[in-house]
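What follows is one structure encoded as structure tokens, with my remarks underneath.
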Amino acid sequence: MLASLFGAVWRVLDAVRKILHFIVLAILALLVIGLFAPHVPRIPGSAALVIAPEGDVVDQLDGDASARAWNELVGEGERQTLARDLIMAIDAARNDKRIQALVLKLGGMDGAGLSSLKDVAGAIDRFKVEGKKVIAVGDFYTQNQYYLAAHADELYLHPQGFVFLPGYGTFHTYYRSAIDKVLVDWNVFKVGEYKSFVEPFIRDDMSPEARENALDWLNGLWSSYQRDVTAARGLEADALDRYASRMPALMKETGGDLALLARELGLVTDVWDHGRMEARLTELVGTDDSSHTYNQVHYADYLEAMRGVIQEHKSANVVGVIVASGDILDGAQPPGTIGSDSTSQLVRMAREEEHVKAVVLRVDSGGGSAFASEVIGRELELLRESGKPLVTSMGSVAASGGYWISMAADEIWASPESITGSIGIGAYFPTIQRTLDKLGIHVDGVGTTPLAGDFRTDRPLGDEAREILQLGIQNGYQRFIAKVATARNMPVERVDEIARGRVWLGEEAQHLGLVDKLGSLSDAIDAAAKLAGIQNDYRVEFIEREPSFRQAIAMQLAHRAAGLFQHAAFTERSPLLAMADRLQQELARLVRWNDPRGLYYQCLCEVR
């Protein structure tokens, strides 16, 4: 009797369990279907396309999709926007009759290389050729933001806002005195008097050679910036330089009112509050009754809606684009970093895929591991030897190790403002025996050869170890300049004259023979297609690792989260927050360098 009762209860519970399992599986299936179901945003019949970049404008997003999705959901991590997404959206909107205007809402944008800014500005100018208005609205404009805003037909600034144009600088933290205080011996080896990336560990200030070189390329960038912006705004050639160098005196004339000063100098069209800005945009494209604001579509939603139209070209011929962005490190690395294994894998994919007829390597890197640079460079040589044309397109920076991996190409293209060169090598080996001695900790022992224990960080670096490192550095430098000489068909002596760690801008690098042609990524893609004989019949495909199922779901989550957390019409980001992010990035970079020999093709050429 009791057994029968337990049996009946068990059968009921088992049936309930099966029903619950079914319900859970059904819910999971609905969630997956919902994530992957086509999400096509609505585009009004008359609308403004809103260009609102977030964080740094980059060639490649950092990290895998799942990490980005989580960071976005919890409000952490570095915000980034793909330059090619901005350009693609603007170009697609040019001939779209529904898009009546372009709105530049740039308050969330932080860093951007000048070459990337020029590419986006070029798309804005192409949009204007169609007779459509471009309106820039903002509470304030930093230097990067103002470069794009200057290309607008109408540029409006909030009455409490400002335009901040400090020019270009490169500033770094120097640790020599701090290292001395903690009794660390930071043994440094380098070749090239301009090779400055090791200087922060052995100096408290910038060397005269580094200062001289930095001023050369910084002045070149600032001249280019001024030339482009003054032409776009119709200002006198020296207007920005006068504004930056005489700001206190100029502010006295407007009683300290920075917004009024910007208007009087012609930097902005007018000084308006949010209500007037909103009214102007409503006048152009009408009102969205559901949101009570002007008819608009965010560029990310517009790309999603237009994806089929943008990708309609179905040619069997592909020009593959491999993005090499970030520090060059050994091993497999996530996107936003160049890994000897991971990037080499992409190059092999391009070589082995039959439909890929030519390859463009988009480089945006100041270098890193010498070993990893050489591994990637060899894979690129194999690609070229397979018969497929290879063209390098330099982004904002393609220096040191970034230049090494660029050399394998049939042609090297750069922006006039690309930072390149820095052909040199350095290494460092810190030891902490004096720190330990101060704490009463001592190391002693014996070995079978003079080298036994010589490369321990808790013992002094011996004379033979120093000689080994210095000879390795010298050999690395000779390999570097010999490689350049062969790739660029130049005498080694001539390469040595323009190398030694010196940094050049793209235009000067072309004159020196380090670069073949000046142009954008699009120009480099066209050149690769021409070399492959497919210039009239090809499509562009970015060669990237296929996301895992987990990452694919994460990408959908990230996209949906972006839609939920898009900024309001005029939200701006604090410049102090951007500065804090920069400091965190610099500290993180120091701990992830991992060259197995401790040798680095690295350029200290970030612009701030």
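The values are calculated or read from the model by the stated rules, or taken from the named source; none is laboratory data. Please read all numbers here as calculations on a predicted model, not as lab measurements. As a convention, Cβ positions derive from the backbone with ideal geometry for all residues, glycine included, and neighbour counts pool all protein chains shown.
Here are a few things to note about the model shown:
- Qualifying position, being touching a strand residue (DSSP E or B) at 6+ places or on another chain (Cβ under 8 Å), at pLDDT 95 or above and of a type in the set (Val, Ile, Thr), among THR337, THR343: THR343
- Under the condition of being modelled with pLDDT of 85 or more, part of a helix (DSSP H, G or I) and of a type in the set (A, V, I, L, M, F, W, C), the residues counted in segment 44-100 number 8.
- Of all residues in segment 347-359, those that are hydrophobic (A, V, I, L, M, F, W, C), farther than 23 Å from ALA83 by Cα and in a helix (DSSP H, G or I) total 1.
- Count - residues of segment 90-105 that are within 24 Å of the chain's Cα centre (by Cα) and over 17 Å from ALA149 (Cβ atoms): 2
- Selection from segment 357-409 of residues that are under 21 Å from the mean Cα position of the chain (by Cα) and at positive phi: GLY367, GLY368, SER400
- Extreme residue, nearest to ASN144 (Cα to Cα), among residues of segment 156-208 that are modelled with pLDDT of 90 or more and among the small types (Gly, Ala, Ser): GLY167
- The set of residues in segment 287-311 being in contact with a Pro (Cβ under 6 Å, 6 or more places away or on another chain), outside any loop (DSSP other than H, G, I, E, B) and buried (at least 20 other Cβ atoms within 10 Å of the Cβ) consists of ASP301 alone.
- Residue match in segment 176-195 (condition: in a helix (DSSP H, G or I), among the hydroxyl-bearing types (Ser, Thr, Tyr), in contact with a helix residue (DSSP H, G or I) (Cβ under 8 Å, 6 or more places away or on another chain) and crowded, with 19+ Cβ neighbours inside 10 Å): no
Conditions (1) out of contact with any strand residue (DSSP E or B) (no Cβ under 7 Å at 6 or more places or on another chain); (2) touching a residue at least 60 places away in the same chain (Cβ under 8 Å); (3) small (Gly, Ala, Ser), marked per residue:
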site	(1), (2), (3)
MET206	yes, no, no
ASN213	no, yes, no
THR230	yes, no, no
LEU235	yes, no, no
ALA262	no, yes, yes
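- Any hit, segment 490-507, residues being over 15 Å from SER400 (Cα atoms), in contact with a Gly (Cβ under 9 Å, 6 or more places away or on another chain), modelled with pLDDT of 95 or more and assigned to a strand (DSSP E or B): no
- Candidates are the residues of segment 531-551 that are surrounded by fewer than 16 Cβ atoms within 10 Å (Cβ to Cβ) and not in a loop (DSSP other than H, G, I, E, B); the one that is modelled with the lowest pLDDT is PHE549.
- Meets criteria (out of contact with any Leu (no Cβ under 9 Å at 6 or more places or on another chain), buried (at least 20 other Cβ atoms within 10 Å of the Cβ), within 20 Å of MET394 (Cα to Cα) and in contact (Cβ under 8 Å) with a residue 40 or more places away in the chain) for ALA487: no
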